[in-house]
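Take a look at the structure set out below.
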Amino acid sequence: MRHAASTFIGRSSELERLSRLLDDAQRLVTVWGVGGIGKSRFAQEFARVSSRRSWTVDLSEAAGAEGFMQAVARALEVPVGSARASNDIINQLGRSIASRGDVLL
């Protein structure tokens, strides 16, 4: 049987495990593995079926901590253009994320 490219098959136990980890107040969970095994697709499926508000952050061109923070700011639509120091950006992002409650990035 052929499935559409967007069909998500399998990994139900991994989706349940991720949900349990986050329900148990894990603040950070990293999905990792070699390229091409479906990490991004897995995370997107989890975001789709989860009740949590979620944002996708494209880190493909992020270089270093500054690039990471800029990518997160873009995804969350947090204006940080006037922030001069990394601490200012971190504080702006922290306030923005805290004001949104539980989020999935």
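The values are calculated or read from the model by the stated rules, or taken from the named source; none is laboratory data. Only a predicted model underlies this, so the values are computations on that prediction, with no experimental measurement involved. Cβ placement follows ideal geometry from the backbone for every residue including glycine, while neighbour counts extend to all protein chains displayed. Heavy atoms of the whole protein, side chains included, go into the accessibility calculation; ligands, DNA and RNA do not. Shrake-Rupley method; radii C 1.70, N 1.55, O 1.52, S 1.80 Å.
Per residue, the solvent-accessible area of the chain (1.4 Å probe, heavy atoms of protein chains only, all protein chains present) comes to 76 Å². Using the Cβ of residue 67 as centre and a radius below 13 Å, the other residues enclosed give a net charge of -2, where K and R count +1 and D and E count -1. Projecting the Cα atoms of 13, 38, 70 onto the dipole axis of the chain, where Lys and Arg carry +1 and Asp and Glu carry -1 at the beta carbon, places 13 farthest toward the positive end. From the Kirkwood radius over Cα pairs of region 48-105, Stokes-Einstein at 10 °C and 1.306 mPa s returns a whole-number translational diffusion coefficient of 133 µm²/s. Taking Cα Rg over 2.2 N^0.38 Å as calculated from this structure, the corresponding entry among [x] 1.23; [y] 1.50; [z] 1.00 is [x]. Close amide-amide hydrogen proximity is noted between residue 104 and 53, 54, 55, each under 5 Å apart and 5 or more residues distant or on a separate chain (H modeled in the peptide plane; Pro and chain starts excluded).
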